[in-house]
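These notes concern the structure reproduced below.
The values are calculated or read from the model by the stated rules, or taken from the named source; none is laboratory data. Note that the structure is a prediction, hence the values are computed from the model and not measured. Backbone-built Cβ (ideal geometry, glycine too); neighbour counts: all protein chains shown. Remember, those area values only see protein heavy atoms, side chains included, never the ligands or the DNA or RNA. Shrake-Rupley method; radii C 1.70, N 1.55, O 1.52, S 1.80 Å.
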Amino acid sequence: MKKVISLICILFSIFSNAQSFNPKILTLPENPTINDFSFLKDELKNVQVVMLGEKTHDDGNVFEMKTKIIKYLHQEMGFKTIAFESGVYEVWKAKANINKGENVKEAFEKSLFPIWSKTKEFQSFIQFYEQNKKELKLFGFDNQITGEYGEKDLFIDLFKYCKENNLPLKLKREDLELLVESMFISGVFDDGDISYEEYKTTFTNLINKIDKKPKNETNFYWKQIIKNLISLGEDYHTEKDL
């Protein structure tokens, strides 16, 4: 079976009682060598997904340690997929632009949450990715719009995709951009130009149309991105009703 592994950088908490959760605690040196991570080969035997979390988003030294762990998992254990808690569209766009020659640091700053991409402790990961980008896959798994790519290019690319594939999208791009912007600023779904029902129905119908298209990476991603837009609309519309 082909080994596919995701390294997930996410604020991850485990809630359990002492009787059922007894983690092994290891103390690593301040500057660990490759041999200090060798225990992972036994601990992660046959594991396909590893979640690398942090107690808070403010622990810069944790970012640096996670990069060292990622290096080990990639170089010694064959991990090739990295998934970030950032926008699906933004990270997909970042990967595509990096493949076209865009600066890796700039691409990450336009796609990932700034709590990672703009900290000095994250720069070691950027260097690692730059050196190994041809071997690594990159994904985002957050439904939010998390960077400049999403703010400036999301709906331009969406309407372009629909036009090229003869998919109906009867909403106005400018209205959608203003609606999403207002959701993040005000925290509610503003029905002024687009009603919630129209928003949800339009995107649901669009997903149904994509389902009839050939299964490929582009159609897969746009389906996920549109699902995220539906989820965002539902979240902010619910806030409005509370």
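One table, with the values for the structure above:
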| read-out | value |
| --- | --- |
| Estimated FRET transfer efficiency (Asn216, Lys100; beta-carbon r; R0 22 Å; 0.05) | 0.70 |
| Sorted largest first, extent of the stretch 184-229 alpha carbons per principal axis (Å) | 37, 19, 11 |
| For the chain: rounded, prolate or oblate by the Cα gyration tensor [a/c cutoff 1.5] | prolate |
| Solvent exposure, largest accessible area first (probe 1.4 Å, DNA, RNA and ligands not counted), of Asp142, Asp193, Asp36 | Asp193, Asp36, Asp142 |
| Residues Lys120 and Thr201, FRET efficiency given R0 of 45 Å [Cβ-Cβ distance, rounded to 0.05] | 0.45 |
| Shape call, the stretch 144-242: gyration tensor on alpha carbons, a/c limit 1.5 | prolate |
| Per residue accessible area in Å² of the stretch 122-242, where ligands, DNA and RNA are left out and the probe is 1.4 Å | 58 |
| Calculated FRET efficiency for the pair Leu44/Glu174, C-beta based, R₀ 51 Å, to 0.05 | 0.55 |
| Solvent-accessible area, 1.4 Å probe, carbon plus sulfur percent, for the chain | 49 |
